[in-house]
Amino acid sequence: MGRLIERDAIDHLLAEAQAGRSGTLVVRGEAGIGKTALLEHARETATSLGVRVAGCCGAESEMQFAFAALHQLCAPLLDRVDALPGPQLAALGVALGLRSGAVPDPFLVGLATLSLLADVAEQGPLLCLIDDAQWIDQASAQVLTFVARRVAAEGVVLLFAARDVGIGDVDPVAGLSPELRVNGLGENDARMLLAGGLRAPLDDEVRDRILAESRGNPLAILELPRSASPSRLAGGFELPDSLTIPRRIEEVFHRRSAELSAQAQLLLLLAAAEPTGDGALLWRAAEHLGVPLEAAGPAEDSGLLEIDTRVRFRHPLVRSAVYRAASPTDRRRVHAALATAIDPQVHPDRRAWHRAQAVWGQDEEVAAELERSAERTRERGGVAAAAAFLQQAVDLTPEPAARARRALAAAHAKHDSGASIAAAELLDVAAVGPLNELQRARLELLRARIAFQLTQGAEVPGMLLDAAETLAPLDPALARETYLHAIDAAMITGGTGGVRGAREVAAAALGAPPPPGPPTPSDLLLDGLIVTFTRGYVAGAPAVKDALRAFHDRGFDGEALGEMGSRRWLWLATRSAAALFDEERVRVLAARNVRLARDSGALATLPGALVGHAGILVLAGELSLAAELCAEASAITRATGAVPLPYADIILAAWRGHESETTQLYAANVEKAAGQRGGAEVATANYSLAVLRNGTGDYESAATSAAEGCETNELSNTGLAMLELVEAATRAGQPGLAATALTELCARAEASGAPFALGVAARSRALANSGAAVEDEYLEAIARIRASRMTGYLARTHLVYGEWLRREGRRQDAREQLRVAHELLSTMGAEAFAERAARELRATGEHPRKRATSPATALTEHELQIARLVATGATSREVGVQLFLSPRTIEAHLRNIFRKLGITSRRQLREIRLP
């Protein structure tokens with residue numbers, strides 16, 4: 001009644017699904033407001049249209065069972081599961097407990113679910129109903145919200161119904177849009193509903209009071225008068241104003257259940273305590289308690305529940321009302337009965353959970369059973385559920401040492417699930433002890449990691465260093481990894497004032513224990529960085545080269561990286577290669593980092609890998625491809641709800657010469673860094689601003705930004721900032737500043753020996769010096785940079801060489817260099833530098849040719865990425881697997897691409913030159 005707008009919204013979604021378009025809608029409102037009725041309307045409408053329906057329903061007591069809601073949703077669809085790509089099939093099978101295997105990445109489970117739903121929708125539209133979404137378990141919520149953000153052209157509709165959550169509570173569907181707010185019924189509809197639900201005449205004054213008290217909540221309108229005695233209805237109706245509508249409705253259900261016999265009330269409590277709705281289990285537990293079958297009659301007659309093969313409550317608030325009203329003793333009785341009735345071989349985790357609820361005080365046997373449940377749950381990828389089991393085990397553990405050990409394990413699980421604040425609270429429990437030395441060291445290590453994740457504060461490297469020093473005699477391998485983490489953190493956060501920066505951390509790391517076995521690539525990288533920060537860049541370069549060689553030669557497949565424990569350090573290795581200007585290894589390691597993340601479906605780490613690769617591509621002049629990777633990273637972070645990573649975006653915007661975007665990203669990065677000087681974020685922002693200002697010819701500002709960009713422990717940033725500083729300071733008339741940067745840059749280039757390093761050093765010498773040798777330096781720079789394939793800097797070198805030739809009065813020679821620069825810079829999309837080249841060409845008397853526009857310029861970055869992959873001959877399914885989209889979505893994008901390019905086939909796409 002009175003839900004025309006809401007019904008229209010749902011009907012529109014279903015119509016869109018029939019046209020092959022996907023959609024998501026969150027129906028939000030208080031308990032009893034009519035959300036489930038709207039979902040039932042959606043189910044009935046879908047069925048009448050021939051739309052397949054699947055669904056699941058959250059339950060408060062199910063929240064710690066990993067993938068419980070997902071299992072409900074997917075179970076009827078598993079006949080299509082064999083069509084999934086191998087890694088996705090394995091991940092979903094492990095998550096749902098259908099097979100054993102390695103712990104799946106949660107987002108790989110999300111990809112598998114998306115693929116499964118899309119495959120089912122190939123046969124016709126699919127409606128997925130998720131009721132009581134506020135109570136779905138965290139693992140399922142992560143998967144379903146990912147799918148909701150990723151569906152596009154599959155003909156899949158996800159309809160969520162969720163209550164409002166309290167302040168500080170987790171909202172599993174937070175951020176999903178659009179949301180449809182369901183409010184109370186209007187006065188006329190409320191009166192009609194009340195009139196239809198009354199069994200006897202009602203005074204107008206009493207009717208008005210009921211309507212006022214219910215505030216348009218349909219369930220309240222129907223239930224409040226049913227709970228009141230005739231005398232109260234006759235003499236006036238009023239409930240305490242201090243209660244909210246849902247709580248008032250709970251009170252109504254409580255009063256109705258309290259009128260039943262003791263046996264019927266016990267049966268109700270059994271049903272409320274067991275959320276699966278298994279009728280056979282209910283009767284086995286009832287038999288254990290001596291509750292007769294006859295007790296079901298009054299319970300069903302009350303209208304509070306139905307008992308068949310499944311147990312269904314009239315409303316979720318009936319369950320909570322019955323459970324809340326029961327005494328602690330009765331709750332423990334029913335949980336004990338349920339635990340006894342559950343087969344420990346079939347459902348050991350549910351049995352453990354019920355046993356835990358039945359305990360009075362503490363119980364080591366039950367705590368140990370919960371610990372085993374946590375391990376089983378973790379193996380299926382339910383990290384959050386494992387943390388919940390362990391946390392409960394902590395509360396039940398009587399012996400202090402075992403309690404501390406379990407609290408430490410629970411803290412690790414909480415941290416892994418993203419609940420770092422809860423993890424920190426469990427660390428405080430574990431810290432009470434007693435702990436042995438290794439446990440204490442692991443506690444401090446986790447505390448440091450949590451601090452790094454939450455704050456990235458400048459104190460974190462010191463915390464990691466303290467943990468590493470404690471671990472050194474206890475676990476040498478973990479100690480070395482922690483030393484490397486401390487150095488990496490110092491490079492990222494900087495180090496000013498009284499905190500320990502990279503040099504101080506590296507000096508302390510000289511005391512790191514030797515590797516316990518043959519040195520891994522990460523061991524070699526640790527040794528190289530220690531030398532670099534204690535004895536200088538030139539001294540450390542050979543050792544860092546050895547480490548990079550090991551990463552390059554021994555890490556071509558995921559298995560090898562897993563054995564070496566080095567995959568997590570692949571990005572640090574890539575940054576170290578960039579610090580050496582080793583263009584070849586930078587490209588290989590950055591691309592491999594992306595490939596490994598793609599192949600494993602590790603969407604938690606893929607955006608960082610994409611952003612890192614994109615930054616390298618910008619420097620190589622491949623701005624269009626870099627933009628595609630940035631767009632993909634942004635799409636994934638939106639789909640996964642992760643924190644955006646704008647590092648490559650600001651470098652890209654600066655090289656493109658986009659003033660407004662660069663300055664906005666600069667301000668955001670500096671604000672995020674909270675004024676920390678020397679951190680990688682601020683250094684990247686200052687480098688980018690220097691590039692922008694050099695492009696526009698504002699050399700004084702460029703010199704200021706570049707000088708600040710050099711003030712960092714992140715070696716890859718300092719090298720790039722030095723290049724900008726030499727150019728800017730020379731043009732701004734600051735030769736002393738340019739000379740200082742040039743000296744350090746040339747020393748680094750000689751230590752590196754890479755073609756790109758030697759090329760940019762020659763370029764910088766030509767910029768900063770004068771005399772007969774300048775032209776030879778420019779020619780050497782062009783030859784070496786061309787050999788390195790770093791087209792961005794090659795184009796800029798032609799530009800500065802042409803500018804020098806014009807000022808030397810050699811206008812014809814200048815034109816040749818400036819034409820090359822203008823063509824390269826225009827083609828790659830470096831607009832500010834291209835305009836600078838155009839101005840110089842005009843000064844020689846030549847008007848630069850306008851670049852011919854291509855239809856491909858109308859494509860978005862995402863469409864360009866798809867077009868490139870399809871042009872290689874990849875099928876829609878193959879492209880979809882790589883980009884984590886359904887084949888139907890790829891086909892929809894292709895239709896847009898064909899329309900924009902004026903073509904009709906994949907063959908024609910291969911013939912078009914894409915930017």
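Being at pLDDT 85 or above, crowded, with 16+ Cβ neighbours inside 10 Å and hydroxyl-bearing (S, T, Y) holds for only one residue in S886, S876, and it is S876.
A quick yes/no check of all residues on (1) in a loop (DSSP other than H, G, I, E, B); (2) of a type in the set (S, T, N, Q); (3) under 16 Å from the mean Cα position of the chain (by Cα); (4) at pLDDT below 85:
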site	(1), (2), (3), (4)
A91	no, no, no, no
P104	yes, no, yes, yes
G124	yes, no, no, no
L180	no, no, no, no
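With the requirement that a residue be hydroxyl-bearing (S, T, Y), within 19 Å of R731 (Cα to Cα) and at pLDDT below 95, what does the stretch 743-788 give you? Explain how you work it out, then say what you get.
Our first condition is that a residue be hydroxyl-bearing (S, T, Y); within the stretch 743-788, this holds for 743, 752, 764, 770, 778, 788.
Next, only the ones that are within 19 Å of R731 (Cα to Cα) stay: 743, 764, 770, 778.
Result: S770, single match.
Taking the conditions exactly as written (touching a Cys at 6+ places or on another chain (Cβ under 6 Å), assigned to a helix (DSSP H, G or I) and of a type in the set (A, V, I, L, M, F, W, C)), does A749 satisfy them or not? Outline the logic, then answer.
Values: touching a Cys at 6+ places or on another chain (Cβ under 6 Å): no; assigned to a helix (DSSP H, G or I): yes; of a type in the set (A, V, I, L, M, F, W, C): yes.
It is false that A749 is touching a Cys at 6+ places or on another chain (Cβ under 6 Å), assigned to a helix (DSSP H, G or I) and of a type in the set (A, V, I, L, M, F, W, C).
If we keep just the residues of the stretch 46-83 that are part of a helix (DSSP H, G or I) and either small (G, A, S) or not assigned by TED's automatic domain parsing to the domain that holds A19 (or both), which is farthest from the chain's Cα centre (by Cα)? It would help to see each step written out before you state the result.
The first filter runs over the stretch 46-83 and keeps only residues part of a helix (DSSP H, G or I), leaving 46-49, 60-62, 68-83.
Filter once more, so that each one left must be either small (G, A, S) or not assigned by TED's automatic domain parsing to the domain that holds A19 (or both): 46, 48, 61, 68-69, 75, 83.
On the way: A46: 32, S48: 38, S61: 26, A68: 21, A69: 20, A75: 26, A83: 26 Å.
Here the residue is S48.
Residue selection: E700 fails the criterion of being farther than 24 Å from T574 by Cα, touching a helix residue (DSSP H, G or I) at 6+ places or on another chain (Cβ under 7 Å), assigned to a helix (DSSP H, G or I) and among the acidic types (D, E). In this entry, L869 is excluded by the filter for residues that are in a helix (DSSP H, G or I) and buried (at least 20 other Cβ atoms within 10 Å of the Cβ). Within the stretch 290-339, the set of residues being acidic (D, E), surrounded by 13 or more Cβ atoms within 10 Å (Cβ to Cβ) and not in a helix (DSSP H, G or I) comprises just one member, E306. Taking the numbered list (1) of a type in the set (S, T, N, Q); (2) surrounded by fewer than 19 Cβ atoms within 10 Å (Cβ to Cβ); (3) in contact with an Asp or Glu (Cβ under 9 Å, 6 or more places away or on another chain) in turn, Q664 passes all entries but (3).
Of all residues being of a type outside the set (V, I, T) and part of a loop (DSSP other than H, G, I, E, B) in the stretch 340-361, which is nearest to L269 (Cα to Cα)? Just the residue, please.
Narrowing the stretch 340-361 to residues of a type outside the set (V, I, T): 341, 343-345, 347-358, 360-361.
Keeping just the survivors that are part of a loop (DSSP other than H, G, I, E, B) gives 343-345, 347, 360-361.
Details: D343: 21, P344: 22, Q345: 25, H347: 21, W360: 18, G361: 22 Å.
Restricting to residues being of a type outside the set (V, I, T) and part of a loop (DSSP other than H, G, I, E, B), the top hit is W360.
For the stretch 850-861, state whether one or more residues are assigned to a helix (DSSP H, G or I), closer than 18 Å to E727 by Cβ, within 46 Å of the chain's Cα centre (by Cα) and among the small types (G, A, S). No: zero hits.
Of all residues in the stretch 798-812, those satisfying the criterion of being in a helix (DSSP H, G or I), charged (D, E, K, R) and surrounded by 16 or more Cβ atoms within 10 Å (Cβ to Cβ) are E803, R806.
The values are calculated or read from the model by the stated rules, or taken from the named source; none is laboratory data. Bear in mind the structure is a predicted one, so any value in this text is a computation, not a measurement. Virtual Cβ from ideal backbone geometry, glycine too; neighbours counted across all protein chains shown.
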